[in-house]
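To keep things clear, I will list the structure first and then write my remarks on it.
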Amino acid sequence: MKRIAVLGSTGSIGTQTLEIVRNNGDALEVTALAASSNVALMEAQIREFRPRLAVMWSAQAAEELRLRVADCPVRVAQGMDGLLEIASMPEAEVLVTAIVGMIGIKPTIEAIRAGKDIALANKETLVCAGHIIMPLARERGVSILPVDSEHSAIFQSLNGEPKGKISRILLTASGGPFRGWNRERLAGVQVEDALKHPNWAMGRKITIDSSTLVNKGLEVMEAKWLFGVEPSQIQVVVHPQSIIHSMVEYIDGAVIAQLGVPDMKLPIQYALFYPDRKAMRDNRVDFFSLGSLTFEEPDMETFYGLKLAYRALEQGGSMPTVYNAANERAVALFLERRIGYLQIPELIQRCMEHHEVMRQPGVEEILAAEQSVYDYISEIG
């Protein structure tokens, strides 16, 4: 029986993680859950999975949850203190970091220090603090197991191969709903348009990020830290069918790819049971109905948020934090209909040009850089 704790249990990755637990109840046990504000769903999860500890981000949500689960053998905690308690609790072997935002960094560090393996779905952890996280994981002998479909594909394609033989990582992208569009067409994009992803069912922010290719830029940054490669060794390949989830090209020219239907449950389950594989129902590619797989170069002039990601990664230090924070705020403003679609990469670029890079930021400096971006966006209106 493997014991897991889930940060972000009411979100897309979190609920799918618990679906895998539901289907593998004889092999997985949930010791703790954490969420932001969805008290009703958290109550249902507590009653089904019986964790020892549950955490809500806001004090109000935590108090409401305490009243609703007073008859359950669970303790309810709140805020960052609660997340850190989950991260360090000895009952859990694996921490699933499906929580959204920079608040995932400190619990991940705490869990690594406690010797837990990390099933990583929180992008900010490596985008902003990869220079802290990866050396610490190596020092503590902890595995960072990627949950993103693309990084899981790369991880699987590296299995059994000697280290240091990578020529390139070929990071696939669907191209999103606006593949092939020019800037004139994009100028009229509304929130409803950007939320219609052709292949994947995801949360609102990541769906917008996928449409702008900013999500792919964040994945490029993650890949650099996860697999120890240079930015020049990571090539984004647009693959509209989303069947090949990513590939690794080796120094002899061989390319190894991982294929599967576009379903996040496969990479989640792989991370939870690694190095074992478990059977999964209804998760098969029908190659005969599929017919063909196609590939294109990404349009990094129209969708220049991806180009900005490479620039931020090359500059390093605190610049990836600025890129991430600027995008996070810009997407929120777009979802609130306060800015247009094309203003998302414009805001990212303005924030990057305004920022003075800190070379080796610690956690507090990373958080300060994030706040400085939010302050700057408020100032410029």
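Taking residue 357, is it in a helix (DSSP H, G or I), modelled with pLDDT of 95 or more and either open to solvent by less than 50 Å² (accessible area, probe 1.4 Å) or out of contact with any Ser or Thr (no Cβ under 6 Å at 6 or more places or on another chain) (or both)? It is false that residue 357 is in a helix (DSSP H, G or I), modelled with pLDDT of 95 or more and either open to solvent by less than 50 Å² (accessible area, probe 1.4 Å) or out of contact with any Ser or Thr (no Cβ under 6 Å at 6 or more places or on another chain) (or both). Among residues of the range 75-97 that are farther than 16 Å from residue 109 by Cβ, those with a beta-carbon under 7 Å from a residue that is polar (S, T, N, Q) and in a strand (DSSP E or B) at least six positions away or on a different chain give the pairs 91/31. Considering (1) closer than 29 Å to residue 82 by Cα; (2) out of contact with any Lys or Arg (no Cβ under 8 Å at 6 or more places or on another chain); (3) free of Cβ contacts under 8 Å to residues at least 60 places away in the same chain; (4) not polar (S, T, N, Q), the lone condition that residue 163 does not fulfil carries the number (1). Of 317, 340, all but one fail to be open to solvent by less than 70 Å² (accessible area, probe 1.4 Å), under 24 Å from residue 130 (Cα atoms) and outside any helix (DSSP H, G or I); the exception is 317.
Candidates 309, 326: the one that is within 23 Å of the chain's Cα centre (by Cα), farther than 18 Å from residue 131 by Cα, among the small types (Gly, Ala, Ser) and open to solvent by less than 10 Å² (accessible area, probe 1.4 Å) is 326. Taking the range 10-89 as the region of interest, the strands (runs of 3 or more DSSP E) fully inside it that hold 2 or more residues being in contact with a Lys or Arg (Cβ under 7 Å, 6 or more places away or on another chain) and closer than 27 Å to residue 270 by Cα are 28-35. There is no residue in the range 271-284 that is at negative phi, in contact with a strand residue (DSSP E or B) (Cβ under 9 Å, 6 or more places away or on another chain) and charged (D, E, K, R).
Looking only at residues in the range 186-240 that are assigned to a helix (DSSP H, G or I) and aromatic (Phe, Trp, Tyr), the one that is farthest from residue 128 (Cα to Cα) is 227.
The values are calculated or read from the model by the stated rules, or taken from the named source; none is laboratory data. The structure presented is a predicted model; accordingly, all values stated were derived computationally and were not measured. Using ideal geometry, Cβ is built from the backbone for each residue, glycine included, and neighbour counts are taken over all protein chains shown. Protein only, heavy atoms only, side chains kept; ligands, DNA and RNA dropped before computing areas. Shrake-Rupley method; radii C 1.70, N 1.55, O 1.52, S 1.80 Å.
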